[in-house]
Amino acid sequence: MATRAGMAIQTTGSGTASAGTDKGMGKMKSQTRVVVIGGGIAGCSTLYHLTQEGWTDVVLVERNELTSGTTWHSAAQVTNFGMNQTMVGLKSHSIELYRELASDPDYPINYHHGDGGIRLANTEAQMDGYRHFASMARGMGVEFEVIDAEECARRHPLISTDNLIGGLWDGQDGDIDPAQLCQALARRARAAGAEVYRNTPVIGLTQHRDHSWTVHTEHGDITCEIVVNACGYRVNELGAMMGVHHPVMSMEHQYLVTEEIPAIREAGHRMPLLRCPISDYYCRQEKYGLLVGFYEQNCKTWGMDGIDPHFVNALCPDDLDRTTDVLEGAFARMPALMDVGIHTVVNGPITYTIDGAPLVGPIPGKRNAFCIIGLRAGLGEGGGHGWLLAQQIVHGEACYDTWCLDPRRFAGHANVELTALKAIEDYQNEFRFHFPNEHRPAGRMAKTTPLTPVLAAEGAAFTVVNGWERAEYFKPAPDFDVTHSFRFDESFDLVAQEIKAVQSAVGLCEVNGFNRFEITGSDAEAFLDRMICGRLPRRFGRVGLAYLLNHHGMLKSEATIARLPATDLGPERFWYGSAAASELHDMDWLTQHLGSDEDVQIRSLTNDQTILVLAGPKSRDVISAVSRADWSAAAFPWLSVRECFIGIAPATVMAVSFSGELAYEIHVPNASLYAAYLALREAGEAHDLRLFGALAVESMRLEKGFLHWKADVLTEFDPFETGLNRFVHMGKPQFIGKAALETRAAQGPSKRLVTLEVGSKAAPAHGGASVMLGDAFVGTVTSGGWGHRVQKNIAYGFVSPDYADSGTELHIDLLGDRVPATVVTSPLYDPEMNLVRT
Ligand SMILES: Cc1cc2nc3c(=O)[nH]c(=O)nc-3n(C[C@H](O)[C@H](O)[C@H](O)COP(=O)(O)OP(=O)(O)OC[C@H]3O[C@@H](n4cnc5c(N)ncnc54)[C@H](O)[C@@H]3O)c2cc1C
């Protein structure tokens, strides 16, 4: 199994229980460990993989026959391409599994593995993207090839090279029979002891005080520890039964199958798959014709206001007129299509989520409830998703960091209307991958603060963080825009100027959406001490950075914890601050570890408060002008926290700095945010205060060696591998993950996080890029960018421990070029931390 880190999750092989059964409507078990609801690829794969992880007392219930939702009519292409390593890894698992199933001598299934596939490109920017994805996939043991237009046409003899630069070749691509695949998975699961109940609709769910469930079906009840929602386009019917709404929307999606094309028979080999971001279609061989699927601009949501209960094994009416724009592009690329008749048209519902990626993992706010939903490429990915979900259910974590799939990654804004807008946008851009810092226009302004329009008037270009609009940089003119690219873009000089202002005088930046919990109660200190692997701030008025581990000793979360005394604003309390997207994730993790007899209350302040960051050598002068407290280094040193007023705005101020300059994090209730902003702007005039945005923050944090949760801080690595030793206190009697961490520490690191100086001025090293020693792969970049104060191209990456020493000369595969990358000692800027302490 290829993993980035070799995380210690072991698959255990199939269970030893006696063979289970497949029951049309016969007698059901009344009790089991897991009930998987839905018998498409998602449910069948989950059931099979649970048995592979050793849990055999598991059942699947399906309202009709297996595969009677979307799965039966899928075009069923199986590809290895993914936008990140987790996606590539899980797709590789699908391919490995399907190959193994296809070669079963007793029950072979039809799988055209290895036809190959090409993603086309007509711009250099797209080609750069493919070069990056090829570099990224190498770390997962997958070799893509970036090829020119002539080579595309050589490998796919039906295509023209007009308006084509080249493409990305994936040699593993193919297609599979979806019904045979699901039957094979169900058969193997049953052989291991699982049971499958067909024609058994789930009509209700009841959760008990001990977090177990009763699943009510039309044929009786089943009590279980854990339920899994694998209901495809009926996801929210089941969601409603447990009181949740999932941000999943169905779109109508069509493909046609042609009559035989003589040139295909004559070619003597199967045609590779095509994915076309130029004209938004895909294509594969079907018998001796072609199957062409469309992502038309004039697309349609489906089932938004409810789904006919009788829509089973069913299709939507054909509507090829809607796809004319796309058809023309396909005809131009493959002229043979113009001379052949259409044999069949298929139009069926396909699910999309609010950010395009599936939702596979724990259901937010629920105990013992998981989902595997929003699959828009479920045949290709389903094998891998079921594998990662089963690992999460059985072991609490999977071998890869699954944040890109985690259902808790959206907090509070993922409603049905926004999901529909984003689903439409995503469908319209199916094969047009997001460029770095590309934020698409649908559904914007979902979460804002009173400052959003103020910053917009100041020229802010906005990025979106967990739905929040956050200033990215400030434009010199209203019509200024950047060209989306994997290289440095036109914002480079603007960011440099913002940083210069911060470094030489003072800057102000709004950081909204930052997650913040207030934790109170007589057991709050003992509880938090158990949750983190380091030390809590010992005194009131102090702040510290802390890390939370999972039970495998791996990094779960990162939090800034401030300790506040009792005041007229409230009792003694901790403020727990973590990444903007972590709210539901961290809330679940904390509450699930709370003892029933512990006196601890956790209250989210995320939507009520916003941070203003005041940074730079003049920041003390500015804050002193607007707040009556003593802001000297002696009275308010580095890592202090206090409640005060900024002008007339109540605030909680922390002496912490992500930029590495003297800085104050000013937490203000949203109702007073504008007042605080006006006061700071006015006081800042005397010191040339300038606004700065998220890109400047990103550059400065790279120079300072600070990490980003879910870019550099991953469940695949422990704190020692990540270089966070100073935040671990092994002398504590207990903390979550301690025993596992002791074992890991004794074994030594599998990888180490290093800082690299990259020898290129053309492009930043993007997360996922391969770090090489000669032709050998030795590591993976986690994040990178230009350090404007140190004038260096900086990257962080996990590399084999043998190559982690400062001075080691390596290379990064940067957009197809091997560029030098030297391991350097971090931080690169103010390593003695003098600036923040002055
Ligand atoms: C036209 C088209 C072409 C496609 N082409 C491809 C492709 O080339 N490659 C690819 O990878 N993907 C493709 N897809 C997508 C892929 O088919 C889906 O991602 C996948 O089939 C979804 O599987 P699922 O198990 O999540 O959902 P489904 O197949 O819909 O299964 C859900 C199951 O849950 C059951 N269920 C629902 N409610 C209940 C209940 N209350 N009780 C019990 N059971 C319930 C349903 O009956 C159903 O059987 C295509 C989709 C379409 C529409």
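Pairing residues of segment 169-181 that are farther than 16 Å from A377 by Cβ and touching a residue at least 12 places away in the same chain (Cβ under 8 Å) with residues that are more than 10 Å from the ligand (Cβ to nearest atom) and polar (S, T, N, Q), at Cβ distances under 6 Å and at least 6 apart in sequence or on separate chains, gives D177/N110.
For P358, work out the one condition from (1) touching a strand residue (DSSP E or B) at 6+ places or on another chain (Cβ under 9 Å); (2) within 28 Å of G467 (Cα to Cα); (3) touching a residue at least 60 places away in the same chain (Cβ under 8 Å) it doesn't fulfil. Against the list (1) touching a strand residue (DSSP E or B) at 6+ places or on another chain (Cβ under 9 Å); (2) within 28 Å of G467 (Cα to Cα); (3) touching a residue at least 60 places away in the same chain (Cβ under 8 Å), P358 comes up short only on (3).
The set of residues from segment 728-758 being part of a helix (DSSP H, G or I) and of a type in the set (G, A, S) comprises A739, A740, A745, A746.
Tell me which residues, restricted to segment 787-819, are in contact with a Leu (Cβ under 8 Å, 6 or more places away or on another chain) and assigned to a strand (DSSP E or B). Matches in segment 787-819: G787, K792, I794, A795, Y796, G797, F798, V799, L810, H811, I812. For first residues located in segment 814-825 and closer than 15 Å to G767 by Cα and assigned by TED's automatic domain parsing to the domain that holds E757, partners that are modelled with pLDDT of 95 or more and among the charged types (D, E, K, R) and lie 6+ apart or on another chain with Cβ distances below 9 Å form the pairs L814/R131; L815/D128; L815/R131; L815/R487; G816/D128; G816/R131; A821/E757; A821/E809.
Looking only at segment 344-388, residues that are surrounded by fewer than 24 Cβ atoms within 10 Å (Cβ to Cβ), more than 7 Å from the ligand (Cβ to nearest atom) and β-branched (V, I, T) come to 3 in all. Pairs meeting the criteria (first residue in segment 517-539 and among the basic types (K, R), second residue in a loop (DSSP other than H, G, I, E, B) and at pLDDT 95 or above, beta carbons under 6 Å, at least 6 apart or on different chains) are R530/F735; R535/H729.
Can you confirm whether segment 757-767 contains a residue that is among the polar types (S, T, N, Q) and either under 21 Å from G82 (Cα atoms) or surrounded by fewer than 17 Cβ atoms within 10 Å (Cβ to Cβ) (or both)?
Step one: of segment 757-767, the residues among the polar types (S, T, N, Q) are 760.
Then drop every residue that is not either under 21 Å from G82 (Cα atoms) or surrounded by fewer than 17 Cβ atoms within 10 Å (Cβ to Cβ) (or both), which leaves none.
No: segment 757-767 contains no residue that is among the polar types (S, T, N, Q) and either under 21 Å from G82 (Cα atoms) or surrounded by fewer than 17 Cβ atoms within 10 Å (Cβ to Cβ) (or both).
Here segment 509-526 is the region considered, the condition is being of a type outside the set (S, T, Y) and more than 29 Å from the chain's Cα centre (by Cα), and the residue that is surrounded by the most Cβ atoms within 10 Å (Cβ to Cβ) is A524. Based on this model, can you work out whether D523 counts as assigned by TED's automatic domain parsing to the domain that holds G595 and modelled with pLDDT of 95 or more? When the stated conditions are applied, D523 passes them.
Within segment 81-102, one or more residues are touching a strand residue (DSSP E or B) at 6+ places or on another chain (Cβ under 8 Å), within 12 Å of the ligand (Cβ to nearest atom), assigned to a loop (DSSP other than H, G, I, E, B) and aromatic (F, W, Y). Checking the structure you have, find out if any residue of segment 423-444 is crowded, with 17+ Cβ neighbours inside 10 Å, among the hydrophobic types (A, V, I, L, M, F, W, C) and free of Cβ contacts under 8 Å to residues at least 40 places away in the same chain. Taking every residue of segment 423-444 in turn, none turns out to be crowded, with 17+ Cβ neighbours inside 10 Å, among the hydrophobic types (A, V, I, L, M, F, W, C) and free of Cβ contacts under 8 Å to residues at least 40 places away in the same chain.
Whenever a residue of segment 30-51 is assigned to a loop (DSSP other than H, G, I, E, B), its partners that are more than 8 Å from the ligand (Cβ to nearest atom), lying with C-beta atoms within less than 6 angstrom and at least six residues away or across chains, give the pairs G39/L60.
Given segment 401-515, what strands (runs of 3 or more DSSP E) lie entirely inside it while holding 3 or more residues that are in contact with a helix residue (DSSP H, G or I) (Cβ under 6 Å, 6 or more places away or on another chain)?
In segment 401-515, the matching strands (runs of 3 or more DSSP E) lie at 468-474.
State which residue is nearest to the ligand (Cβ to nearest atom) when the search covers only segment 246-264 and only residues that are touching a helix residue (DSSP H, G or I) at 6+ places or on another chain (Cβ under 6 Å) and not in a strand (DSSP E or B). Among residues in segment 246-264 that are touching a helix residue (DSSP H, G or I) at 6+ places or on another chain (Cβ under 6 Å) and not in a strand (DSSP E or B), the one nearest to the ligand (Cβ to nearest atom) is H246. Among the residues of segment 293-314, just one is farther than 25 Å from D175 by Cβ and hydroxyl-bearing (S, T, Y), namely T301.
Residue count for segment 52-72 satisfying the condition of being of a type outside the set (S, T, Y), in a loop (DSSP other than H, G, I, E, B) and either modelled with pLDDT under 95 or within 11 Å of the ligand (Cβ to nearest atom) (or both): 6.
The values are calculated or read from the model by the stated rules, or taken from the named source; none is laboratory data. This is a predicted model, so every value here is computed, not measured. Virtual Cβ from ideal backbone geometry, glycine too; neighbours counted across all protein chains shown.
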